[in-house]
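Peer 1: One structure follows; several queries about it will come next.
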Amino acid sequence: MSSMLWLDCETYSECNLKTKGAHVYAAHPTTEITIATWAIDEGPVRTWDATTGSVMPVELYDALHDDDCLVTAHNSAFDRNVFKYVLGIDVPLERWRDTMHQALAHSLPGGLDKLCDILKVPYDIAKHKSGHTLLMFFCKPRPANDKIRRATRLTHPDKWAEFLAYAGADITSMRDVARRLPRWNYGAGEIALWQFDQRVNDRGFAIDTCLAERALDAIAIARTQLTADVADATAGAVTSLTKERDVFLGYLLEEYGVDLPDLTKATLERRINDDTLPRELRTLLSMRLEAATTSGGKYKAALDGVHHGRLKGTAQWRGAMRTGRWAHRRFQPGNMMRPTMKQSDIDFSIDMIRKGHANLVLPNVIGACNNAVRGCIIAPEGRVLHVADLSNIEGRGAAWLANEEWKLQAFRDFDAGIGPDLYKLAYARSMGITPDMVDKLGRQIGKVMELCLGFGGGVAAFLTFAITYGLDLVALAAAARDTLPDWAYREAKGFYAWTVKKKRSTFGLPEDVFVVCDALKRMWREANSNIAAMWGELEDAVRTAINNPGEVFTCRHLRAIRTGQWLRVVLPSGRALCYPSPQLHSDKQEISYMGVNQYTRQWQRIRSYGGKFFENGVQAFANDVFCHGLLIAEEEGYDVVTTIHDEGLAETPAHPMCWPARSLADCLARPVRWAPGLPLAAAGFEATRYRKD
């Protein structure tokens, strides 16, 4: 049986870990290990104070070099890279384990101190927040106005003694947390996926540093000019487009009588397109919007974190706690803005930006830089970038999980080239017409319905979609009104009256817009009856499982079970969605669990319902299918460099003769053993620069 080395290290560096990332930090010339603490299995905690000049203890050295010894750390990517770059000890990834990964895989926060609180680790062995002060004191340079550049065991011996004790406590708390954490989602398959993720993060993706540097220069020049223009347009009343929010709002009210609730992108875009406003005002709002919506932060993050031409460590495995999808860090490739320009115009802009001509040639420099940010991801010399994404995997996953057979067959027919466009079909089925009767507007409505109604949403979902995609709901409602069947319009009209009577929110929408959106919701649910029924069935299964610990309750392809203080919804892959401390509230038997609120970032009780559980299940299922394809791609010879939603990016040697026999898209769309009958399709392209295809 393998032994376990529990390991933690403290460091000092002049490098900023938060902005640079673990790879750049570990390789920085000023980075050094100051303290290493460790224990073998359940043995005593040992401490190596490397600042004394002593050599590494034999016990630690032997454990690090023992192929039969596993190594566990909390956020192991940091310790693994520090030992590799600072000491030259490269412990193979296969030997590493990670308590942070174990926690995230079960929908718990990653911070060790938070885990100690949640898991009720005894106070005398728990990690305490007070230790963070010592960490900041000894692990980074002192402030510029401090007489001492660096605090050490010699300058502050008493504090150093406290720091040594704090460092040792990390091992005891980590071991206890590992004992208390579940292991449902921490088997060999999950660990293999995490190791794949770590290899992808270590590999990183190549960055066009010339584009990033020149884009920042161009943005700075453009913002200076915009600031001067707005100051001129307001006779000096507004001297900043981004900092003086209240001044800007006050100017609009005083000069134009326009009282805006905020300066968000959605608000500005609505008023910019309002033909009743004076042209000068709309120009002013456009300047504000242009200055505020800049991707300058992404360019800077790319440059800050680049390591030998590549940006590494930008993805957090299981970072999205509810579903286990990736979360992104620093550069955050997962939330790049949707292109607003044609690709040919973006390519021209990139060329002008790289040559330093952007401010002379491009009419909207900041807009061009925003659109060009994807182009920072490139294939290095001698390599080619392969890009592929799964086609509508969430829509397919929802239909498969709910046994919506007509939709599954529609996907199969479309993939085979014998079926209609899915958005046209969605609209046609809702309206009771044939797909060939659906015009461009009908397809657009069908797309809206498919993207925002699958998880129990209604009018609010339409509104969210409109804000996200710039959809004009007023125009949509006006065009769709006469096409609605009488039953849907009548029911929606009655629902609006009930909403007003009960003083519930109508989201600021005019009655006709609210009614049309609600009618479309009803028609979509009628056409997708199995999916709509799944929401209630899953909620019933979860509620019953909470009331009957230890029993399994099946809901089509999902299973719900409560074990102790955990509710699990088991996916077809065998992975479980985990909901800690589930409760039923006696008022309406509403379901809640403990989790991190995505808005407040606090650990608190969260209410949920069938549609939300189904959404979690669909997104998690889609991620499992995606990962299945990515592993096949790696086995085929693709070097996966990052993922962006359901899109995989990989590199191969540039010569086509060196490419794998199967395309990246083919790998992603391979049949999945635990999802028989799931129709999959993927498409992609090869390029030297990333783009939105």
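Peer 1: Can you tell me which aspartates and glutamates have their Cα less than 20 Å from the Cα of LYS440? Leave out same-chain residues fewer than eight positions away.
Peer 2: Result set, ordered by chain and number: ASP421, GLU450, ASP472, ASP482.
Peer 1: Follow-up. Of the heavy-atom accessible surface of the chain (probe 1.4 angstrom), what whole percent is carbon and sulfur?
Peer 2: 51 percent
Peer 1: Compute the separation of the alpha-carbon centres of region 187-216 and region 421-482 and state it in Å as a whole number.
Peer 2: What the calculation gives is 37 Å, centre to centre.
Peer 1: Can you say what percent of the DSSP beta bridges in the chain, counting only those with both residues inside, are antiparallel? Round to 5.
Peer 2: DSSP beta bridges in the chain are roughly 90 percent antiparallel.
Peer 1: Find the lysine pairs in region 48-171 meeting two conditions, Cα atoms under 25 Å apart and a separation of 8 or more places or different chains, and report how many there are.
Peer 2: Count of close lysine pairs: 12.
Peer 1: Per DSSP H run of n ≥ 4, the term is -39500 (n - 2.57); total these for the chain, divide by its residue number, and report the mean residue ellipticity at 222 nm rounded to 500 deg cm²/dmol.
Peer 2: Computed ellipticity for the chain at 222 nm equals -15000 deg cm²/dmol.
Peer 1: Sticking with this one: Each label point is 7 Å from the Cα along the Cα-to-Cβ direction; what then is the distance between the points at ARG46 and ARG282, in nm?
Peer 2: Once both label points are built, they end up 7.4 nm from each other.
Peer 1: Translational D (Stokes-Einstein, µm²/s) of region 265-403 at 25 °C and 0.890 mPa s when Rh comes from the Kirkwood sum over C-alpha pairs?
Peer 2: 135 µm²/s
Peer 1: Output the DSSP H helices from the chain with an along-axis C-alpha extent of no less than 27 Å and a mean Kyte-Doolittle hydropathy no less than -0.5.
Peer 2: Passing helices, by number: 157-180, 209-233, 529-547, 610-636.
Peer 1: Provide the three semi-axes, in whole Å and in decreasing order, of the ellipsoid equivalent to the chain as defined by the square roots of 5 times the Cα gyration tensor eigenvalues.
Peer 2: Semi-axes (√(5λ), whole Å): 44, 35, 27.
Peer 1: Aspartates and glutamates within cross-link reach of LYS243: Cα-Cα under 15 Å, excluding same-chain residues under 8 positions apart?
Peer 2: By straight Cα distance, LYS243 reaches ASP262, GLU290.
Peer 1: On a 31 Å Cα-Cα criterion, which of the cross-link pairs LYS20/LYS342; LYS424/LYS503; LYS501/LYS612 come out too long?
Peer 2: Over 31 Å Cα-Cα: LYS20/LYS342; LYS424/LYS503.
Peer 1: Still on this structure, I have one more. Rounded to whole Å, give me the distance from the Cα center of region 254-278 to that of region 641-693.
Peer 2: Their Cα centres are 43 Å away from one another.
Peer 1: Along Cα→Cβ, 7 Å out, is where each label goes; now give me the distance between the ones at ALA683 and ASP482 in nm to one decimal.
Peer 2: Label-label distance for ALA683 and ASP482, simple model: 3.3 nm.
Peer 1: Before I look further, what does the chain give for accessible area per residue, probe 1.4 Å, in whole square angstrom?
Peer 2: Counting only protein heavy atoms, the per-residue value for the chain is 45 Å².
Peer 1: Using amide H atoms built in the peptide plane, which far-off residues or other-chain residues are under 5 Å from ALA126 H to H?
Peer 2: none
The values are calculated or read from the model by the stated rules, or taken from the named source; none is laboratory data. Note that the coordinates shown come from a computational prediction; the quantities given were computed from them, not determined experimentally. Note: ideal-geometry Cβ built from the backbone for every residue, glycine included; neighbour counts use all protein chains shown. SASA here: full protein model, heavy atoms, side chains in, ligands and nucleic acids out. Shrake-Rupley method; radii C 1.70, N 1.55, O 1.52, S 1.80 Å.
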